[in-house]
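Everything on this sheet refers to the single structure shown next.
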Amino acid sequence: MNRINNHLLVPVIACLVIVSGCASAPTIFSDFDRSADFSAYKTYGFASELGTDRAGYSTLVTEHFKRAVSRELDARGYQYSESNPDLLANFYVAIQEKTDIRSTPAPTVGAGYYGYRYGLYTSWPAYSPNVRTVHYKTGTANVDLIDARRKQLVWEAVAEGRVRDESLANPGEAIDSLVADLFDHYPVTNGN
């Protein structure tokens with residue numbers, strides 16, 4: 001890959017890894033079309049313009065997502081089809097830099113002149129704020145399933161969370177784990 005492609009790929013990988021490798025478990029939101037007949041869907045494919053391929057080429061992140069989504073849909077009884085699939089899968093990721101200012105009380109050392117008149121010359125009750133700035137990244141990743149015939153979204157799952165350095169080192173595993181967590185919220189246990 002040339003230098004420009006690497007520059008574009010790093011934020012996308014970081015975002016995916018953020019959500020899957022959260023310091024705590026990611027927050028997952030899911031919704032589905034209650035009028036959709038999920039038993040009618042037998043096949044799946046991928047949207048022609050995937051949200052993770054905005055740079056005009058297929059990314060490694062896209063390939064990780066395709067493998068993970070295929071694994072989950074195959075396990076639910078769906079069959080992959082390149083021509084006329086019932087469902088189209090799409091995915092998207094976004095990353096943001098965050099900054100928090102955190103203040104915690106810290107005991108004041110050496111209260112007053114030689115320690116007497118405690119509290120008269122310091123903040124009461126002898127605590128001053130300990131302020132620190134924390135910089136971190138948060139990410140959002142989502143998987144959508146679209147009824148291909150109606151061009152209508154029938155299921156979506158969104159994960160939001162904070163990145164962990166361990167996940168940056170292994171984006172494929174992080175994406176696998178994230179997609180499995182998202183599909184835990186799929187509205188039916190067996191697609192067919």
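The values are calculated or read from the model by the stated rules, or taken from the named source; none is laboratory data. Note that the coordinates shown come from a computational prediction; the quantities given were computed from them, not determined experimentally. Here the Cβ positions follow ideal geometry from the backbone for every residue, glycine too, while neighbour counts run over all protein chains shown. To get the accessible areas, we keep the full protein, side chains included, count just its heavy atoms, and leave off ligands, DNA and RNA. Shrake-Rupley method; radii C 1.70, N 1.55, O 1.52, S 1.80 Å.
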Study note, to complete from the structure: For Lys151, the aspartates and glutamates lying under 13 Å Cα to Cα, once residues fewer than eight places off in the same chain are dropped, come out as Asp33, Asp86
Point to revise | R0 of 22 Å, Cβ-Cβ distance Glu97-Arg67: FRET efficiency to nearest 0.05 | key: 0.15
Study note, to complete from the structure: Ordering Val158, Val143 by the accessible surface of their heavy atoms, 1.4 Å probe, largest first, yields Val158, Val143
